[in-house]
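The values are calculated or read from the model by the stated rules, or taken from the named source; none is laboratory data. The shown structure was predicted, so the numbers you read here are calculated from the model rather than taken from an experiment. Using ideal geometry, Cβ is built from the backbone for each residue, glycine included, and neighbour counts are taken over all protein chains shown. For the accessible areas, the whole protein counts, side chains as well, though only heavy atoms, and no ligand, DNA or RNA atoms are used. Shrake-Rupley method; radii C 1.70, N 1.55, O 1.52, S 1.80 Å.
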Amino acid sequence: MNVLVIAEHDNKALKPATLNVITAASRFSGNIDILIAGGNCQDVAKEASTIKGINDVICMSDAALEAQLAEPLAEAVIQIQGDKNYNVILAPASTFGKNLLPRISALLDVQQISDVIEIISPSSFKRPVYGGQAIATFESNDEFKVMTVRATAFDKASTEGGQATIEEISFNSPKNFGTAFVGLEVAKTERPELTGAEKVVSGGRALGSKENFKMIEELADKLGAAIGASRAAVDAGYVPNDYQVGQTGKVVAPELYIAIGISGAIQHLAGMKDSKTIVAINKDEEAPIFKIADYGLVGDLFEILPELTKKL
Amino acid sequence: MKILVPVKRVVDYNVKIRIKSDQSGVEDSNVKMSLNPFDEIAIEEAVRLKEAGKASEIIVVTIGPEKAQDILRTAMAMGADRGVLVSTDLKIDLGGIEPLMVAKCLKALIENEKPDMVIMGKQAIDDDSNQTGQMLSALLGWPQATFASNIEIDNGQANVTREVDGGLETLKVALPAVVTTDLRLNEPRYASLPNIMKAKKKPLDNKQLSDFNIKLTPRLKLVSVEEPPKREGGEIVSNVDELLDKLKNEAKVI
Ligand SMILES: Cc1cc2nc3c(=O)[nH]c(=O)nc-3n(C[C@H](O)[C@H](O)[C@H](O)COP(=O)(O)OP(=O)(O)OC[C@H]3O[C@@H](n4cnc5c(N)ncnc54)[C@H](O)[C@@H]3O)c2cc1C
Ligand SMILES: Nc1ncnc2c1ncn2[C@@H]1O[C@H](COP(=O)(O)O)[C@@H](O)[C@H]1O
């Protein structure tokens, strides 16, 4: 059984979720290759070659792949698949993987499996549906399996001890895909990255303003935590879109998740209920978030939050 | 410019779903069904483009049971011009119609209708697949712009801002293209009563999925649907000191 993991990276370094996907790939007990496709991405290939459990690193560096748009990237994977005939193709269930993998599946005429949380056998998988309100088990009868993997459901593979060979393959698709990259506005932060953080402090609508949201930042900084938010807080403009946790935002599973002024709608819970310890601070003792919180504190966040930050 | 909007009928997002006791699926009798929220956003965007004079016609399409007519009527009450129902008895949430089949059926319709743009939801909130738009765009060989939070049409091109994990990405795609919507693209309107009445008279075309040349056997066999692991709510602490004590000495997370 040969498995291909499509790495997520920014042409300089691997995104950590790739390591979780490699652990998922190891469940197929076969050879695992990793594809680094991008522009001037040789450093990433080198980084990937030491990951434990990797057979070959395939490096495809081409100007047409630099922005990692789905159209050329899918063609790149189809080209490689034509040579190597992988049985399984995996990518992280991040916006990168979600954007790319269905394109590859359609071109290979495979029904993709999204957001896999458990690999029961090489053809049987579990995934959450209905915003995490149910877990479905599916058996795929496709010849190839193509799937995105929920990073939080698998441990990270070790970045040491591997000695993979790096194979450079050139991209031979000359097509114009009709898509041009214009720009990427990155929300810069010194804080830990949300999806990989050990601690997350999230704020909701109750914060009331962007200024008040600074109270969340102060607590997060005391704890060395990443910052998350409910959809309502993002919609109201307190924080950028990439802070959203939930069914349609990011999925996190830190050691500690503190939800402040968040009611606990199903769609929010879908993104955080696998956290190890959950703390909820809310003035409404009936708020649904308390039903899943390990520790609940009922009260006004504008009194509790400063006290908590001060006493830490 | 003609815009095609594929829409799905799903369990309303406010409903707490119930799993059938034999684990064969999710209870769907006597459950409130609605337009998939992301598809509502897609319709709203198409209607705004029409109001701005950029689009001339909006066609809404759904693949589903006879009853799915109701969401087409809702879409037409919001401003879509006509609807196409592709009927099937197969389940549309899990263990029946799959994104690849939907994409193949939409492709066939699109080759016939020749729209200049497809705007659709990024994700159906029942199967949470997030696949159909990307698949459709691959099958058509069209550009894709997924997870859109802003769309501007200009000179046969669409400038699309996308919500990605790292922030906001902007793409320029040549039309025809497939664009999928994210939550912050717009806030869908409510249909007014006069518009609901008017929508009843708008044309609604009926087709059968079995008349399309698509194999209708699912590639993914649904084995079971279970409750997720239950999370027990813990305790209510009385103050900040108690909380800190628990976090330090019991949970040992700080
Ligand atoms: C298709 C779809 C997808 C969605 N995806 C997501 C998603 O990915 N993520 C997400 O988060 N949401 C998502 N939502 C939205 C979700 O349904 C909720 O609307 C949202 O999570 C509510 O955010 P909130 O808890 O901040 O606001 P509210 O529900 O308004 O809750 C605010 C809470 O703050 C409490 N409060 C108020 N004042 C104070 C105070 N002074 N001190 C302490 N507590 C106070 C209140 O008691 C209340 O519980 C989605 C919705 C749809 C339809
Ligand atoms: N049965 C269907 N009929 C029409 N459109 C659909 C159907 N299923 C999915 N779609 C469209 O595809 C989008 C993504 O769905 P999914 O890939 O299932 O998450 C939805 O938001 C709809 O726009």
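Before moving on, here are some points about what is shown:
- Spin-label pair A:Gln163-A:Glu211: with each label point 7 Å from Cα along the Cα-Cβ axis, the two points sit 6.2 nm from one another.
- Orientation-averaged projection of the protein assembly as shown equals 25.2 nm² [convex hull of Cα atoms, one quarter of hull surface area].
- Folded to 0 to 90 degrees: helix A:214-223 orientation relative to chain A principal axis, Cα: 70
- Pairs of lysines in the range B:76-147 (C-alpha under 18 Å apart; 8 or more residues apart or interchain): 4
- A Cβ-based charge dipole, computed about the Cα centre of the protein assembly as shown with Lys and Arg at +1 and Asp and Glu at -1, lands at about 1100 debye.
- The range A:113-175 versus the range A:20-50: alpha-carbon centroid distance in Å: 12
- Projected area averaged over orientations for the range A:2-168, convex hull of C-alpha atoms, nm²: 8.6
- About the centre of its Cα atoms, the range A:194-311 shows a dipole size close to 160 debye [charges on the beta carbon of Lys, Arg (+1) and Asp, Glu (-1) only; nearest 20 debye].
- Cβ neighbours within 10 Å from other chains - mean over A:288-300: 5
- Cα-derived Rg to Rh of chain A, Kirkwood definition: 1.01
- Excluding same-chain neighbours fewer than eight residues apart, the aspartates and glutamates reachable from B:Lys246 by a Cα-Cα span under 13 Å are A:Asp294, B:Glu235.
- Local net charge near B:Lys202, Cβ-Cβ under 13 Å (Lys/Arg +1, Asp/Glu -1): +2
- Pairs from the list A:Lys276/B:Lys230; A:Lys222/A:Lys291; B:Lys67/B:Lys200; A:Lys199/A:Lys283 with a Cα-Cα gap above 18 Å: A:Lys222/A:Lys291; A:Lys199/A:Lys283.
- Heavy-atom accessible area for A:Lys311, with the other protein chains in place and a 1.4 Å probe, reaches approximately 90 Å².
- Between the listed residues A:Ala180, A:Ala151, A:Ser230, the Cα displaced farthest toward the positive end of the dipole of chain A, a dipole computed from Cβ unit charges relative to the Cα centre, is found at A:Ser230.
- 0 to 90° range, to nearest 10: angle between helix B:69-78 axis and chain B longest Cα axis: 80
- Protection proxy ranking of B:162-170, B:236-244, by the mean of other Cβ atoms within 10 Å over each peptide's residues and highest first, is B:162-170, B:236-244.
- For the range A:2-168, the Cβ-based charge dipole about the Cα centre amounts to some 600 debye (Lys, Arg positive; Asp, Glu negative; other atoms uncharged).
- For peptide B:94-102, the mean count of partner chain Cβ atoms within 10 Å of a residue's Cβ comes to 3.
- Where labels lie 7 Å past Cα in the beta-carbon direction, separation of B:Lys200 and A:Ala187 in nm: 4.6
- Our summary gives the range A:2-168 a relative contact order of 31 percent, counting only alpha carbon pairs under 8 angstrom and 6 or more residues apart.
- Ranking B:Ile41, B:Leu183, A:Ala253 by how far each Cα lies toward the positive end of the dipole of the protein assembly as shown (charges on Cβ) leaves B:Ile41 at the top.
- A Förster distance of 45 Å, applied to the separation of the beta-carbon atoms of B:Ser192 and A:Asn87, puts the FRET efficiency at 0.25.
- Taking every C-alpha pair closer than 8 Å and separated by at least 6 residues, the mean separation divided by the residue count of the range B:127-194 gives a relative contact order of 32 percent.
- Label-to-label distance, nm, for residues given as B:Asn112 and B:Glu235 (7 Å Cα→Cβ offset): 6.5
- Cα-Cα over 31 Å, subset of A:Lys188/B:Lys32; A:Lys46/B:Lys221; A:Lys84/A:Lys156: A:Lys188/B:Lys32; A:Lys46/B:Lys221
- Remark on chain B: ratio of C-alpha radius of gyration to 2.2 N^0.38 Å is 1.16.
- Cα convex hull of the range A:203-289, projected area averaged across orientations, nm²: 5.0
- Across chain A, C-alpha contacts under 8 Å between residues 6 or more apart give a mean separation that, scaled by the residue count, equals a relative contact order of 15 percent.
- Angle in degrees between helix A:70-84 and the longest Cα principal axis of chain A, rounded to the nearest 10: 50
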